[in-house]
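Below you'll find the structure, written out as structure tokens, and then a few comments.
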Amino acid sequence: MAAGAALSPGPLVGRPLARREDERVLRGRARYVDDIELDGMAHAAFVRSPHAHARVGGVRVPPKLPSGVLAVIAPDDLAGRVQRYPKAGVEGMEVSDDQHPVLPDGEVRYVGQPVAGVVAESRALAEDFAELIEVDYEPLDAVVDARASEQALVRWSKTTGDVDGAFAAADHVVRGRYGMARVAAVPIEARGAVVQDDPDEGLLTVWCSAQDPHRPRAQL
């Protein structure tokens, strides 16, 4: 394309569009979050729940932090200092008031929920020390069938036009209940983030493996 030439107007649906990122990915030149190395960078690892539902009792941290372990963050350390993650919804959606905590405030609700965090000078050191932290759990019954749960995370419905009239005029009416299997993005690199704070410039720079840059920026 000549310099200064503009893309021809028209619909994009149905048009063959050349992908621009393939070459660098296939040649191993793509840059992932794990490729970013900054001066003085610290790494975080998490102690995660092995239970689908349990009360969380004591979180016991070895009394002496080895060299290179910078901090251990337990639920009590965040009490009154951070807010829960906000729930996003669309217009007309009823959203339950049980936003996800950064760290559990009394109970865990799924396997893998972070219970405590370790910050260290290397990823290996953070992961190793996380294995030394002990957590007291009191297992509780877990909901394994969403339809049997007494709680709903969101409720939303929308109708347009003469719905009752359409059913009344239909030759056949079929009723059913449908479930949707778990849907998840499966990228080459799992979710991750690197953050650099420059207080002198008042600038926070975030590299994150997300599907879009605009939503994380708005949330920050």
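The values are calculated or read from the model by the stated rules, or taken from the named source; none is laboratory data. It should be emphasised that the depicted structure is a prediction, and the values quoted were computed from it without experimental measurement. For neighbour counting, all protein chains shown are included, and Cβ atoms are generated from backbone atoms with ideal geometry for every residue, glycine included.
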| Here is a list of conditions, (1) of a type outside the set (Asp, Glu); (2) surrounded by fewer than 17 Cβ atoms within 10 Å (Cβ to Cβ); (3) part of a strand (DSSP E or B), and Val59 meets all of them except one; can you say which number that is? | (2)
| message | I'd like to know if segment 78-91 contains one or more residues that are more than 21 Å from the chain's Cα centre (by Cα), loosely packed, with under 12 Cβ neighbours inside 10 Å, farther than 30 Å from Met41 by Cβ and not basic (Lys, Arg). | response | yes
| task | State whether the residues of segment 39-51 include one that is out of contact with any Phe, Trp or Tyr (no Cβ under 7 Å at 6 or more places or on another chain), farther than 30 Å from Asp145 by Cβ and free of Cβ contacts under 8 Å to residues at least 12 places away in the same chain. | result | yes
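Every residue, every condition in (1) loosely packed, with under 12 Cβ neighbours inside 10 Å; (2) modelled with pLDDT of 90 or more; (3) assigned to a helix (DSSP H, G or I); (4) of a type in the set (A, V, I, L, M, F, W, C), yes or no:
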site	(1), (2), (3), (4)
Leu7	yes, no, no, yes
Gly10	yes, no, no, no
Val13	yes, no, no, yes
Arg19	yes, no, no, no
Ala30	no, no, no, yes
Leu38	yes, yes, no, yes
His51	no, yes, no, no
Arg55	no, yes, no, no
Leu65	no, yes, no, yes
| message | Give all pairs with beta carbons closer than 8 Å in which a residue from segment 124-136 that is part of a strand (DSSP E or B) meets a residue that is among the β-branched types (Val, Ile, Thr) and buried (at least 19 other Cβ atoms within 10 Å of the Cβ); count only pairs at least 6 apart in sequence or on separate chains. | response | Glu134/Val59; Val135/Val47; Val135/Val56; Val135/Val59; Val135/Val115; Asp136/Val56; Asp136/Val59
| request: Show the residue pairs that are 6+ apart or on different chains and have beta-carbon atoms under 7 Å apart, the first residue being within segment 65-89 and on the phi > 0 side of the Ramachandran plot and aliphatic (A, V, I, L, M), the second being at pLDDT below 95 and loosely packed, with under 14 Cβ neighbours inside 10 Å. | output: none
| said: Checking the conditions here, which among Arg182, Arg217, Arg147 is under 16 Å from the mean Cα position of the chain (by Cα), loosely packed, with under 10 Cβ neighbours inside 10 Å, among the basic types (Lys, Arg) and farther than 29 Å from Arg60 by Cα? | reply: Arg182
| Can you name every residue in segment 94-111 that is surrounded by 11 or more Cβ atoms within 10 Å (Cβ to Cβ) and either over 18 Å from Gln219 (Cβ atoms) or among the basic types (Lys, Arg) (or both)? | Glu94, Ser96, Asp98, Leu103, Pro104, Asp105, Glu107, Val108, Arg109, Tyr110, Val111
| Residue selected from segment 137-156 under the condition part of a strand (DSSP E or B) and not β-branched (Val, Ile, Thr), by the criterion modelled with the lowest pLDDT | Arg155
| Answer residue from segment 40-49, given it is surrounded by 10 or more Cβ atoms within 10 Å (Cβ to Cβ) and either β-branched (Val, Ile, Thr) or assigned to a loop (DSSP other than H, G, I, E, B) (or both) and is farthest from the chain's Cα centre (by Cα) among those | Met41
| said: If Ile188 satisfies all but one of (1) touching a residue at least 60 places away in the same chain (Cβ under 8 Å); (2) surrounded by 10 or more Cβ atoms within 10 Å (Cβ to Cβ); (3) part of a loop (DSSP other than H, G, I, E, B), what's the number of the condition it fails? | reply: (2)
